[in-house]
Amino acid sequence: MADTRNQNEWSAVFLAAAELSRRGYSVALTLGPNAPLADLVVRSPQGKNFIVDVKGKGRSGRWCVKPKAPTPNLFYILVRLGMTPAGIDRRADTFLVMSQKTALQLTKPNRKNPGLSGFSSQSAAAAVDHWDCLPR
């Protein structure tokens, strides 16, 4: 049986890396348990370095974003994969792009289970395709 969560996370990381590359950024993937802070190391077209934590999911619902200590140059790209009952629809892929500060402001803590802290897509609507918040 396929691990859908794992598939969604990998798909999201590669889609985010591809979209950044298409926009002129240089991207490196940080793989494995030794890189828990971010999934991507990125260099902007103007030479500024930053890191990106990518989250992905295949259906609607809350975004689970566990709060992290404030980290300079940390950004989030949340990828809602375009999945329909008929299958994959790449035209329906959605990217929410935000700074760590914005993600922390949106995140509602879950005191019982911090791993379930997060926010709704509606509360983050301003972040849809907000690529301009990334360093240039």
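Please go through region 113-136 and give me each residue that is at pLDDT below 85 and part of a loop (DSSP other than H, G, I, E, B), ordered by number. Within region 113-136, N113 is the sole residue that qualifies. Pull up region 102-112, narrow it to residues that are more than 17 Å from A125 (Cβ to Cβ) and touching a Pro at 6+ places or on another chain (Cβ under 8 Å), then point me to the one that is modelled with the highest pLDDT. For region 102-112, the residue satisfying everything is L104.
The values are calculated or read from the model by the stated rules, or taken from the named source; none is laboratory data. Not measured: the values here are computed from a predicted model. Backbone-built Cβ (ideal geometry, glycine too); neighbour counts: all protein chains shown.
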